[in-house]
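Participant: A single structure is presented below for examination.
The values are calculated or read from the model by the stated rules, or taken from the named source; none is laboratory data. Values in this document were obtained by computation on a predicted structure and should not be read as measured data. Here the Cβ positions follow ideal geometry from the backbone for every residue, glycine too, while neighbour counts run over all protein chains shown.
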Amino acid sequence: MRCSAFTGAAFVYLVFIVPVLAAQSVPQLDVLLRALRSDATSDRASTELLNLARSSSEVRQRLVNELPPLIAIGPRGNEKPWQNAAQLAGSLRIVEAVPALTKWIVLTDGTLTISRYERLGDNIAGQNLARIGDPAIPSLLVVLTRDDVDERTEAIRVLKLIASPRAKDALRTQLRRETDPKLRQVIENALAR
């Protein structure tokens, strides 16, 4: 009899309570996603979304769907929301955001110091591709085939920061192909560490 009472309570919880809780979180999630797109509220919304996504697969999945298009359109004069979207994607290792982040790999900002350069402090897209890690490597390999030296430079910086065996293999392969002497030196330095 106890088993059926427990089963009955579990049934009530699953059928009646869980849907009510889920319904309450959806409006909050919509509000936070709208707030993420606003300069004035983006920082706070980003922090709350990160905390929610770490504890809720539903919230994480919603971010998987929402962040890549937001990142893909770029800053468009609204840099803070774009930066927060990129940082959320990197912090949550949202692989689906890799193509959108790769699109903006040459977007850099701010004063550059050696330390900031080393950790991609001037490159939000690059930082977050590095956070995503190995799943970003195929997109970075595509960037390495482009003619644009700046794009290749940033891809090399990201691979250097990823620093996994796969990233180092990609750097070694690029070293054999690279025609720009300065980039060859950058790759050699990355591999020497």
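Participant: Residues LEU183, LEU92: which one is more than 19 Å from the chain's Cα centre (by Cα) and surrounded by 16 or more Cβ atoms within 10 Å (Cβ to Cβ)?
Facilitator: LEU183
Participant: Please go through the range 150-191 and pick out each residue that is among the polar types (S, T, N, Q), within 15 Å of PRO138 (Cα to Cα) and assigned to a loop (DSSP other than H, G, I, E, B). Before you say what the answer is, go through the steps one by one.
Facilitator: Restricting attention to the range 150-191, the residues satisfying the condition of being among the polar types (S, T, N, Q) are 153, 164, 173-174, 179, 185, 189.
Filter once more, so that each one left must be within 15 Å of PRO138 (Cα to Cα): 164, 173-174.
The one that is among the polar types (S, T, N, Q), within 15 Å of PRO138 (Cα to Cα) and assigned to a loop (DSSP other than H, G, I, E, B): SER164.
This table checks each residue for (1) modelled with pLDDT under 95; (2) among the small types (Gly, Ala, Ser); (3) out of contact with any strand residue (DSSP E or B) (no Cβ under 6 Å at 6 or more places or on another chain); (4) loosely packed, with under 12 Cβ neighbours inside 10 Å.
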{"residue": "SER25", "(1), (2), (3), (4)": "yes, yes, yes, no"}
{"residue": "ALA40", "(1), (2), (3), (4)": "yes, yes, yes, yes"}
{"residue": "LEU52", "(1), (2), (3), (4)": "yes, no, yes, no"}
{"residue": "SER57", "(1), (2), (3), (4)": "yes, yes, yes, yes"}
{"residue": "GLU66", "(1), (2), (3), (4)": "no, no, yes, no"}
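Participant: Of the residues that sit in the range 143-162 and are without any contact (Cβ under 8 Å) to a residue 12 or more places away in the chain and not polar (S, T, N, Q), which one is nearest to LEU92 (Cα to Cα)?
Facilitator: Only one residue fits best here, namely ARG146.
Participant: Also, I was wondering about something else. Under 8 Å by Cβ, and 6 or more places apart or on different chains, what pairs join a residue from the range 167-185 that is in the same structural domain as GLU151 (by TED's automatic domain parsing) with one that is of a type in the set (Lys, Arg)?
Facilitator: Within 8 Å, the pairs are ALA167/LYS160; LEU171/LYS160; GLN174/ARG152; LEU175/ARG184; GLU178/ARG152; GLU178/ARG184; ASP180/ARG152; LEU183/ARG152.
Participant: Let me ask you something else. Of the conditions (1) loosely packed, with under 14 Cβ neighbours inside 10 Å; (2) assigned by TED's automatic domain parsing to the domain that holds ARG177; (3) under 21 Å from LEU63 (Cα atoms), ASP150 fails just one. Which one is it?
Facilitator: Here ASP150 clears every test but (3).
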